[in-house]
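Novice: Take a look at the following structure, please.
Bear in mind these aren't lab numbers, they're just calculated from the coordinates by the rules spelled out. Bear in mind the structure is a predicted one, so any value in this text is a computation, not a measurement. Note: ideal-geometry Cβ built from the backbone for every residue, glycine included; neighbour counts use all protein chains shown.
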Amino acid sequence: MSLHTARTAPAEMAADAIVVGVFDGGTLTGPAKEIDEASGGLLSMLVTRKEITGRANETIFLHGPTGISAPLVVALGLGPQTKLTPGVAFRAAGSAAKALAGKERKVVAYFLGEELSAGEKLSQAAAGLIVGSVGQDLYRAEKKLFAPGEVYVQSNDEAALQAGEIVGQAMNLTRELVNTPPDRMYPVSFAERANQVASECGLQCEIWDQAKLEAERCGALLAVAKGSDKEPRLVILRYQGGEESGQALGLIGKGVTFDSGGLSLKPSDSMLTMKCDMAGAATVLGAISAIAKLKLPINVIALMGLVENMTGPAAYKLGDVLTARNGTTIEIHNTDAEGRLVLADVLDVAIDQGATHLIDLATLTGACLVALGLDVAGVMTNNQPWGSDVLEAANRAGELVWQLPMFSEYNELIKSDVADIKNVGQGRWGGAITAAKFLEQFVRDQPWTHIDIAGPAFREKPKAWCDAGGTGELLRTLVEVARMWRP
Ligand code: BES
Ligand code: ZN
Ligand code: ZN
């Protein structure tokens, strides 16, 4: 599925369906007004009857309108005109795309109006309709969602349309990796896929296998991998779009391809969705692929720490003391707090590889869900200006994030009696923050921002604009950070 600029007036467009945008309150403007006039007042009649409200993400299907070439018109609610942000555009376009993907359609055309035909709003709408039309039903014979063959979009900004398409495809790559079940998606198969993506996007790719990880003394990451018969991998991708000697953005992803909890075994209900525990790595891979395709003027290093957390005979145990790559000793109090162990070594490698500004993404803690709910990512940083840049990028991208504090008082909670630190906090309080405090031990003095995506990375229930399963959330934020980059 790819996007083209619509070159025909909405009423004459030969498509299986056309979509027109309607603002809250039902004032018809632009293409909606054209369709209303061509159809003898169909839309305004439905607005008067309050069938069409223009509420954000509302999709009203109008079959067989007279005076219109297409047999189906969808009136898409855009919400209040004053609140039409890029994030609103993403969701609205996604909602229309998902509603239309319910049946097989060859050609679909979107006439969302003047405000959505250029710039970041067009980009985000384009991304939304690519994401909205793809479902999680990878292995169902009977699909629920069908991406249309051809999509036309009202646009007077070819670059923004293409950029949105790139970002939408990258989100779908992330979603597909997250949705692929753990019997097929494990460290080696993830690394192979990353290598394939790297060659498609012109990225340098280096893959560290078990022997290399041992030679590099990645003792924390390797300990997590011990309980699995699947070998761990560390994938390092490089995009050189900036100056040779310039600074580099480091994107680090937690890639636990399945988190059983290890010997601190998860109850069955909590384990069911743990194929999502590599979403950080999948998001980082999607983001660097988009940044490369967008040819942004920046140097990026993406690192994905890939392991499976299992209970095999060699599994790491409670009470074990590990030595991380940076020499820090870690006492294990819970083998289910494995993500921070993987990231500890990968953050250290990232800095050695030349990353100067770090962002890690991880489905790290259930505590972050308790604090912020399912839809909001937690942001923690050791450097407020860098953290603020990330928050600003998320706001521009329309993704929901909220900062949690990193007061030094929390450091007490991860001290161990036998080692430098332990891998869980004292007691259960502030669990998202004690996890971040643990990671902070491994970033030296580099500006670093941690994003806990345990909530938004994976949905058990669908939204109007996107199916359940992997979401690709926070990928747009990473791309925006790269766009805003001015080190
Ligand atoms: N992968 C989980 C966190 C998670 C929970 C992700 C729910 C997505 C949805 C992580 O490895 C984990 O199990 N963390 C423990 C840490 C605890 C033992 C200190 C948790 O949050 O319970
Ligand atoms: Zn865990
Ligand atoms: Zn985990």
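Novice: Give the lysines whose C-alpha is closer than 18 Å to that of LYS143, dropping any in the same chain fewer than 8 places away, or say none.
Specialist: LYS98, LYS103, LYS106, LYS461, LYS463
Novice: Sticking with this one: Can you give me the Cα centroid spacing of segment 414-428 and segment 1-57 in angstrom?
Specialist: 59
Novice: Rounded to the nearest 500, what is the 222 nm mean residue ellipticity of the chain from helices alone, with -39500 (n - 2.57) per DSSP H run of 4+ residues and division by all residues?
Specialist: Rounded to the nearest 500, the figure is -10500 deg cm²/dmol.
Novice: Could I ask something else about it? Kirkwood hydrodynamic radius, computed over distinct alpha-carbon pairs, for the chain: how many Å, to one decimal?
Specialist: Hydrodynamic radius (Kirkwood, Cα only) of the chain equals 23.1 Å.
Novice: Express as a percent, rounded to the nearest 5, the fraction of DSSP beta bridges in the chain (both residues included) that run antiparallel. Show your work: numbers first, answer last.
Specialist: Numbers: 29 of 72 bridges.
In the chain, approximately 40 percent of DSSP beta bridges are antiparallel ones.
Novice: Could I ask something else about it? Please report ILE236, ILE332, ILE451 as a ranked list, fewest other C-beta atoms within 10 angstrom at the top and most at the bottom.
Specialist: ILE236, ILE332, ILE451
Novice: Another question, if that's okay. Please give me the summed charge of the neighbours of ARG486: other residues whose Cβ is under 15 Å from its Cβ, Lys and Arg +1, Asp and Glu -1.
Specialist: The answer is -2.
Novice: Which whole-Hz ³J(HN,Hα) couplings does segment 334-345 yield from phi under the Karplus relation 6.51 cos²θ - 1.76 cosθ + 1.60, θ = phi - 60°, glycine and proline marked x?
Specialist: Computed from phi, the couplings for segment 334-345 are 7, 6, 7, 8, 8, x, 5, 6, 4, 5, 3, 6 Hz.
Novice: Net charge within 15 Å of MET185 by Cβ-Cβ distance, Lys/Arg positive one each and Asp/Glu negative one each, not counting MET185 itself?
Specialist: Here the count lands on 0.
Novice: Residue by residue through segment 86-98, what is 3J(HN,Hα) from phi via Karplus (6.51 cos²θ - 1.76 cosθ + 1.60, θ = phi - 60°)? Round to whole Hz and write x for glycine and proline.
Specialist: Here the 3J(HN,Hα) series is x, x, 5, 4, 4, 5, 5, 4, x, 5, 5, 4, 5 Hz.
Novice: What number comes out for the charge environment of MET171, summing +1 per Lys or Arg and -1 per Asp or Glu over other residues with Cβ under 10 Å away?
Specialist: Once all neighbours under 10 Å are counted, the net charge is 0.
Novice: Okay, moving on. May I ask you to order 337-348, 30-41 by the average number of other C-beta atoms within 10 Å around their residues, highest value first?
Specialist: 337-348, 30-41
Novice: Okay, next question. Using packing as a proxy for protection, rank 89-99, 314-324 so that the peptide with the highest average count of other Cβ atoms within 10 Å comes first.
Specialist: In descending order of packing, they fall as 89-99, 314-324.
Novice: Can you give me the Cα centroid spacing of segment 226-256 and segment 301-369 in angstrom?
Specialist: 14
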